[in-house]
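No lab work stands behind these numbers, since they all come straight from the coordinates. All of these numbers come straight from a predicted model, not from anything done at the bench. Neighbour counts are summed over all protein chains in view; Cβ atoms, including those assigned to glycine, are modelled from backbone coordinates with ideal geometry.
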Amino acid sequence: MNKIVSLADNSVVYEVASVTPLSPAAQLSERFSNQIYLKREDEQSIHSFKLRGAYQKMFSLSASKRQKGVVASSAGNHAQGVALAAQKLQLKAVIVMPKSTPKIKVEAVQRLGGEVVLHGDVYDDAYQHAKKLEAERDLNFIHPYDDLDVIAGQATVGKEVLEQMQDVELVFVPVGGGGLIAGIASYIKHHRPEVKVIGVEPKDSPTLHEALKNNRITVLEDVGRFADGVAVKQVGEKTFEIARELVDEVVLVSNDEICAAIKDVYEDVRSVAEPAGALATAGVKKYISDNGINDKKIVSVISGANVNFDRLRYIAERADLGELTEAVIAATIPERAGSFLEFCRHLGEHSVTEFNYRYAGDKQAHIFVGVGLSDGEAEKQALIKKLGKSFEIIDMSDNSMAKTHIRYMVGGRASADNEVIYRFEFPERPGALLKFLEKIGTRWSISLFHYRNHGADFGRVLIGLQANNIAELESRFDEIGYYYQSESDNQAYQYFL
């Protein structure tokens, strides 16, 4: 830790990085009764903190190593940091990126002079190929997080926070491989051990959370791809040792809560953070709500703003659910004239934000309804209780399949024999949908199919197949290698499809 602090105090990162602002989040502060500030790493030249660690590491290379050049693996922000550092130091840089990497990030690396090699579907594939190129071309591998020089470069964020706010009490940091939180915690705990350093991870990528719980590095079977900047299967060895000693707590948040935080950041400072960039702010909100804290001085690190424009559609759709300003419910009403009018009268002053229905029978109708809220979870529960006295109500607000697929599909039922339903995620790139269908093959008849491109790295498909032998079908899915989950028992499917 002392080495990290010493390197941060005498850092060379400001040859490429700038001291980023600590912006007050006035609206968030008022809503949550605390003094909340945003550490604006989105304002770096590459719109991410990653150039700090990359430059610190590459500057430390000997003259002979610099002459050989460097190689790195990254889905985006680390790639840009390495490319910028290489440009500044006049080094050759080879960047291996997954084929699913958003175009905006590939082009950004190329503009900085980096040689881009697209390989594999996920980061782990790119990492293995980068290590292969390291040996084949005699290059120097620049790790995105598990390196003391990289950690020391990221520690300068913590140094700036203490210089900008001497009386800070809590610092929230997004966590992927752990380089940023290891650096920030090393510096802050050295100078101000009473300051709490809290990590924030997506619920579907809890690398540090699981490692701390098990007291050892834990490899996740699968990770969520929405917050792609933190989508790694395990925390680093060096970063875990530091985090285990210095990090006070880890908060887990949902993708909907991340979307709501992106909206919050935009409304306060007019910057569109990427999902990983808004992760810490989502954690701030959850931590305050769960612990009932007031009037604390809090810093949230906005780690990056490299987001595909197409992705904003999905973010906007999910932000209201994450902010609990909308509830999505399924209701059973009598199939007769005036039933919907009666249902709306029961809603009272609540506005209908979405309504989906198609005739399915003579006695009952299942409707999919979005309802506006102004007072969060308590209001939603009170509304469901009220409606439940007159109608059969199911809360779909946390039903991922309902929110991603069903709301766009309500339109009637089919009498498909032996139908089973599965939800898939697969790498999103040109031709990916065709490849997915080819891998499924023609052994089973498709009875239902929904796919919608959200501008994300991974495509999401809901598929219905007519199958007598489930074990044989899932064995085929296992061969394909994509993430899948059975949804045949999902209430949204039972109700509407």
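What is the set of long-range amide H partners of Asn34 at a cut-off below 5 Å, with H atoms built 1.01 Å from backbone N?
Counting only residues 5 or more places away or on other chains, the set is Asp295.
Could you work out how far helix 376-388 tilts from the main Cα principal axis of the chain, as a 0 to 90 degree angle to the nearest 10?
It works out to around 10 degrees.
So, by mean Cβ neighbours within 10 angstrom, what's the order for 182-189, 290-297, 318-325, 233-240 with the highest one leading?
Values: 182-189: 29.1, 290-297: 11.8, 318-325: 20.9, 233-240: 22.4.
Ranking the peptides 182-189, 290-297, 318-325, 233-240 by packing returns 182-189, 233-240, 318-325, 290-297.
List the relative contact order of the chain as a percent without decimals, with contacts defined as Cα pairs under 8 Å and 6+ residues apart. Mind dumping the intermediate values first?
Values: 1041 pairs, mean separation 64.8, N = 497.
After rounding, I find 13 percent.
Share of antiparallel DSSP beta bridges in the chain, in percent to the nearest 5?
Of the beta bridges lying entirely in the chain, close to 60 percent run antiparallel.
Hey, what do the phi angles of the range 125-139 turn into as Karplus ³J(HN,Hα) couplings, whole Hz, using 6.51/-1.76/1.60 and θ = phi - 60°, x for Gly and Pro?
Result, rounded to whole Hz: 5, 5, 4, 4, 5, 5, 5, 5, 5, 4, 6, 5, 9, 6, 9.
Once phi is turned into θ = phi - 60°, what whole-Hz ³J(HN,Hα) does the Karplus curve with 6.51, -1.76 and 1.60 give for every residue of the range 98-112, x standing for Gly and Pro?
x, 4, 7, 4, x, 4, 4, 7, 4, 5, 5, 5, 5, 5, 7
In whole angstrom, note down how far apart the Cα centers of the range 320-394 and the range 239-295 are.
So the separation of the two Cα centres works out to 31 Å.
Between Glu107 and Ser374, what is 0.36 nm times their sequence separation minus the Cα-Cα distance? Round to one decimal in nm.
Values: separation 267, 0.36 × 267 = 96.12 nm, distance 4.16 nm.
Value of the extension gain: 92.0 nm.
How many nm is it between the label spots at Ala416 and Glu43, if each spot is 7 Å from the Cα in line with the beta carbon?
Label at Ala416, label at Glu43, 5.2 nm between them.
What relative contact order, as a whole-number percentage, does the range 15-91 give when Cα pairs under 8 Å and 6 or more residues apart are counted? Before the final figure, lay out each step's value.
Working: 77 pairs, mean separation 23.2, N = 77.
Here the relative contact order equals 30 percent.
Taking neighbour Cβ counts within 10 Å as the exposure measure, how do Tyr482, Tyr314 sort from fewest upward? Walk me through the intermediate numbers first.
Working: Tyr482 17, Tyr314 21.
Exposure proxy ranking, most exposed first: Tyr482, Tyr314.
Residue by residue, what Karplus-based ³J(HN,Hα) values in Hz, rounded to whole numbers, does the range 167-182 have, using 6.51, -1.76 and 1.60 with θ = phi - 60° and x for Gly and Pro?
Karplus values, whole Hz, x for Gly and Pro: 9, 4, 10, 9, 10, 9, 10, x, 10, x, x, x, x, 5, 6, 5.
In a Debye calculation with equal point scatterers on the alpha-carbon sites of the range 324-398 and no solvent, what is log10 I(q)/I(0) at q = 0.19 Å⁻¹?
-0.73
Determine the calculated [θ] at 222 nm for the chain from helices alone, applying -39500 (n - 2.57) to every DSSP H run no shorter than 4 residues and normalising by the residue count; nearest 500 deg cm²/dmol.
On the way: 20 runs with 212 residues, N = 497.
Estimated from H runs of four or more residues: -13000 deg cm²/dmol.
Using a/c under 1.5 as the rounded threshold, could you call the chain rounded, prolate or oblate? The axes a ≥ b ≥ c are square roots of the C-alpha gyration tensor eigenvalues, and prolate needs a/b larger than b/c, oblate otherwise.
Numbers: a/c = 2.46, a/b = 1.46, b/c = 1.68.
Oblate is the answer for the chain, as a/c is 1.5 or above yet b/c matches or exceeds a/b.
Return Asp395, Asp222, Asp42 ranked ascending by Cβ neighbour count within 10 Å, so the fewest neighbours appear first. The partial results should precede the final answer.
Working: Asp395 16, Asp222 11, Asp42 26.
Least crowded to most crowded, the residues run Asp222, Asp395, Asp42.
Using alpha-carbon positions, what is the distance between the centroids of the range 1-76 and the range 173-203, in Å?
Taking the Cα centre of each part, the range 1-76 and the range 173-203 sit 13 Å apart.
Highest mean first, what order results for 28-37, 205-214, 465-474 on Cβ atoms within 10 Å?
Details: 28-37: 18.5, 205-214: 20.6, 465-474: 13.8.
Ranked from most to least packed, the peptides come out as 205-214, 28-37, 465-474.
Where a ≥ b ≥ c are the square roots of the eigenvalues of the C-alpha gyration tensor, would you call the range 268-348 rounded, which needs a/c under 1.5, or, failing that, prolate if a/b is larger than b/c, or oblate?
Working: a/c = 3.99, a/b = 1.87, b/c = 2.14.
Oblate, because a/c is 1.5 or more while a/b does not exceed b/c.
Can you give me the long-range amide H partners of Ala365? Hydrogens built in the peptide plane at 1.01 Å from N, cutoff under 5 Å, separation of 5 or more residues or another chain.
Amide H neighbours of Ala365, under 5 Å, 5+ apart: Ile333, Glu335.
Give me, ordered by chain and number, the residues 5 or more places off Asn306 or on other chains with an amide H under 5 Å from its own placed amide H.
Placed amide hydrogens put Glu274 under 5 Å from Asn306.
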